[in-house]
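First up is the structure itself, then whatever we jot down about it.
Only the coordinates and a few stated rules stand behind these numbers; no lab work does. Quick caveat: nothing in here was measured; it's all calculated off a predicted structure. Backbone-built Cβ (ideal geometry, glycine too); neighbour counts: all protein chains shown.
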Amino acid sequence: MKGVVFAGDRRIALMDFPDPTPGPDDVVLEIRASGMCGSDLKYYRAPAGGTAALGFAKGIQGPIIRGHEPCGVVAAVGSNVSAKQARVGQRVMQHHYRGCGVCPQCSTGWMQLCDDGVDEVYGTTGHGGHARYMRCPARTLVPLPDELSFETGAAISCGTGTAWGALHRLGLQGDHTIAIFGQGPVGLSATQLASAMGARVIALDTSPERLARAKEFGAELLINPKQTNDVLGAIRDATHGRGAHLSLDASSSPQARRQAVQCVRTWGKACYVGEGDTVTIEVSPDMLRRQVTIIGSWTFSTVGQAECARFIADRGIEVDKLFTHRWTLEQADEAYRLFDRQTAGKGVILPN
Ligand SMILES: [Zn+2]
Ligand SMILES: [Zn+2]
């Protein structure tokens, strides 16, 4: 089968790999949708071999098939896999991490936080979903509700699920106003989910296209920091001078991160989900003397992934609308070149 590989410096290679067969505890998925996530861009842009420096404890062997939002149908099961775990033909999402499976983090569905260090991040250090087939342990599967499309399942498997996880970490309530910095796939999902939960959303982005989409997805106030001298003043004006109850940074911009802390009211909470880069805050005025809580949030557990999917199905949330572009494997080069500009919506690869 063909698999999409990042060859370094924004180059894509479509390489040959053997069709996978399941080990005793594994399944093989026939991939029906494999989403593109903003966190892939740093690996896509890195020089050849640069993806080895990922901050993950365990190394990479050879070229890796990308795509860490895999969704599809179980095509084969290993000899130890019970019918309760997985059946051929079952519609599933995949939680894209493998840990030891038994430590306190793994056994509560947080395999990315494994006490022994995560063994594999699918699509980053292990083969992911940008191919016709993908092998993974049965314990990494999360059932896809019948009401949801494979594309929605792909989005939930990283970008949308990450937004869900952050809103839960923040304790969002329907009477809250939340400022969401960055309206790429994660920030836009947070706008959509927070609006569905009843909250008022202030959306920020430097791209007019992305702001227009945020409005469609439920944002009440749009702020473009490139065109607004006083971002904090605009947020205060919209909140009776107090500031937002909550904020979420999905941009990873140092300035946005600082403003995400500064824009919340006394006792407010700011959450960081954007990866990479840094932030400088003045601890006393920005945080300490206003009782502000800063939270880091990394994706979600298998349990959270299932809950997110259930919420989206029950409320009829149109997650498919996140996707502005659908691509074949052969179009992966064009797909990532467009995504790299960070003005379009989310893309998805449909390999089968
Ligand atoms: Zn573990
Ligand atoms: Zn991701």
> Which of ILE64, ILE295, ILE312 moves most in a GNM of the chain, Cα contacts under 10 Å?
Replying inline: ILE295
> Suppose R0 equals 35 Å; then what is the FRET efficiency for GLU330 and THR280 from their Cβ-Cβ distance, rounded to the nearest 0.05?
Replying inline: 0.20
>> If packing is taken as the average count of other Cβ atoms within 10 Å, what order do 123-131, 19-27, 100-108 fall into, highest mean first?
In response: 123-131, 19-27, 100-108
>> What does the C-alpha gyration tensor say about the overall shape of segment 217-275? Classify as rounded when a/c is under 1.5, otherwise prolate if a/b is larger than b/c, or oblate.
In response: rounded
> Any idea which of PRO24, GLY99, SER79 is furthest toward the positive side of the dipole for the chain, if Lys and Arg beta-carbons carry +1 and Asp and Glu beta-carbons -1?
Replying inline: GLY99
> With a ≥ b ≥ c the root eigenvalues of the C-alpha gyration tensor of segment 1-139, is it rounded (a/c under 1.5), prolate (a/b larger than b/c) or oblate?
Replying inline: oblate
> Length gain on complete extension for the stretch CYS100 to SER82, per 0.36 nm per residue less the alpha carbon to alpha carbon distance?
Replying inline: 4.6 nm
> Okay, helix-only estimate at 222 nm for the chain: each DSSP H run of n ≥ 4 adds -39500 (n - 2.57), divide by all residues, round to 500 deg cm²/dmol; what do you get?
Replying inline: -7000 deg cm²/dmol
>> Less than 18 Å apart at the alpha-carbon level, and either on another chain or at least 8 residues along: which lysines does that give for LYS321?
In response: LYS215, LYS346
> Using a Gaussian network model of the chain with C-alpha springs under 10 Å, which one of THR302, THR328, THR162 is most mobile by mean-square fluctuation?
Replying inline: THR328
>> Over the chain, with a Gaussian network built from C-alpha contacts below 10 Å, which listed residue (ILE31, ILE180, ILE223) shows the highest mean-square fluctuation?
In response: ILE223
>> Take LEU288 and ASP320, extend 7 Å from each Cα along the Cα→Cβ direction, and tell me the distance between the two endpoints in nm.
In response: 5.3 nm
